[in-house]
């Protein structure tokens, strides 16, 4: 009995081994006979290679292939390939009878009896064998180079091991000769996997239309549960491809809110033998924009030497606004999505780094670099803001609007003083405070009066200072709140004997509020000793108003004592 059981288990063991070998053989068969289209020369004119078309095949398997087991279809013509043994990792060039003598010197070449011409603008090439099929539907856009698509350059496959063929899998050759017949492709990269991207999105009522950067034929594993929208929207109830397009339609239970920023998450899925990465796409359904929802808030039209102009806008509405295709004058701000949130400032300029260099307090995150601004003359001009040809705001400016006491207005912007007042109302734009640097790109204007002060107020943060670099009261801080905001300042420090120590501020425009610091040094840079000191602030304006504010404080130093 035991003997019979041993016989049974021994036979079972061999049967299992046999099945494993059969499976292994089938697996090897499916993986070893792999012949692919690797390079296409469709328009050889004006190039350095022979003026003849070719298609290069590559054996990426691990055993020799007889290519007579394959057929080649070009457009509507099918060709049975002749007997030819192609070892692993080897190339063979298919071409016409006329072309073959010219390509022999490059390596393996094979002349076909009938050679249908390869259309320059694109056509379909299908390589069909018993165990695999490789199809390329190329177009001249695959070159991704406007000059190379005109002739003399081949199309090369980037990753021979990536099984799917579409625009992102191919590119124009970078070889100096224009192609790499029977040699590794100049752009070969066996690690390259195209990244799936959502190239466009559109919300309409309760539907979202998405387009991808790859054809829908390679997105068969997409399922509706892979799409999730935040703010408790969740996954779509239905998903379908639009007829004869690469557009995917996601349908939800309820309509999307206008002027609300949604985030769509596409979770990873399997495609072309690989897994995609997680993708996020912002979605926005624009609402109506009324006149002065977005206002012109600051303009620099006479920049410093080697400086650049800028225009700042402000969203005083309660809605998010997409600035895509909006215009300053006749110049498009951006062709891409650009959201402006309620109570947010945005600055537009042609050189962001230049603005940050000249105005260190500028908020970098609120500065957008664009291709060009309209010309803004130094003497006078107009700044206009359009949404879809609808005027949203318009400012007439003049150099005469600057503070008259300023002797040099280069690099000083004109700031809006009130959001509520009409843009072009008298004195609504005034010179930015020179104390803050002459401009406030990306943040609250120095001359803003919407929260105006009933009367002038000047006060010290602390009545003592100890400039010993311990981060505690190292500076004297003189705070001011002024009404009106376009007042000029003089600030001077005296010792307790009335001797002038430092003229901190001389004829500077102040803005509505701010802070002035003193580091405890005299005007010529000498360290001031411990003792009692007095600050004196003089304010004046073009109407002849004059006022003086003063106060005492103590300066102490550890080394000198007090």
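The values are calculated or read from the model by the stated rules, or taken from the named source; none is laboratory data. Everything numeric in this text was worked out from a predicted model, so none of it was measured. FYI the Cβ positions are ideal-geometry reconstructions off the backbone, even for glycines, and counts take in every protein chain you see.
Of note:
- Within segment 350-390, the set of residues being under 20 Å from residue 446 (Cα atoms) and surrounded by 14 or more Cβ atoms within 10 Å (Cβ to Cβ) comprises 355, 356, 358, 359, 362, 363, 366, 367.
- As for segment 492-511, it holds at least one residue that is under 23 Å from residue 417 (Cβ atoms), outside the structural domain of residue 417 (by TED's automatic domain parsing) and not in a strand (DSSP E or B).
- Of residues in segment 512-538 being modelled with pLDDT of 90 or more and more than 21 Å from residue 473 (Cβ to Cβ), the one surrounded by the most Cβ atoms within 10 Å (Cβ to Cβ): 538
- Any pair with Cβ under 9 angstrom, 6 or more apart, that starts in segment 84-98 at a residue that is without any contact (Cβ under 8 Å) to a residue 24 or more places away in the chain and ends at one that is assigned to a strand (DSSP E or B): 85/65; 85/66; 97/111; 97/112
- When 406, 414 are checked against the criterion of being buried (at least 19 other Cβ atoms within 10 Å of the Cβ) and either modelled with pLDDT of 95 or more or in the same structural domain as residue 323 (by TED's automatic domain parsing) (or both), 414 stands alone in meeting it.
- Strands (runs of 3 or more DSSP E) enclosed by segment 75-177 - at least 3 residues per element that are surrounded by 13 or more Cβ atoms within 10 Å (Cβ to Cβ), under 40 Å from the mean Cα position of the chain (by Cα) and at pLDDT 95 or above: 122-128, 133-139, 155-157, 170-172
- When residue 272 is tested against the conditions (1) more than 29 Å from residue 427 (Cα to Cα); (2) in contact with a helix residue (DSSP H, G or I) (Cβ under 6 Å, 6 or more places away or on another chain); (3) surrounded by fewer than 18 Cβ atoms within 10 Å (Cβ to Cβ); (4) touching a residue at least 60 places away in the same chain (Cβ under 8 Å), the lone failure is (3).
- Within segment 44-74, if we keep just the residues that are part of a loop (DSSP other than H, G, I, E, B) and free of Cβ contacts under 8 Å to residues at least 40 places away in the same chain, the residue that is farthest from residue 114 (Cα to Cα) turns out to be 62.
- Verdict on residue 261 being closer than 30 Å to residue 421 by Cα, touching a strand residue (DSSP E or B) at 6+ places or on another chain (Cβ under 7 Å) and not assigned by TED's automatic domain parsing to the domain that holds residue 348: yes
- Filter result (under 17 Å from residue 221 (Cβ atoms) and in a loop (DSSP other than H, G, I, E, B)) within segment 233-253: 235, 236, 246
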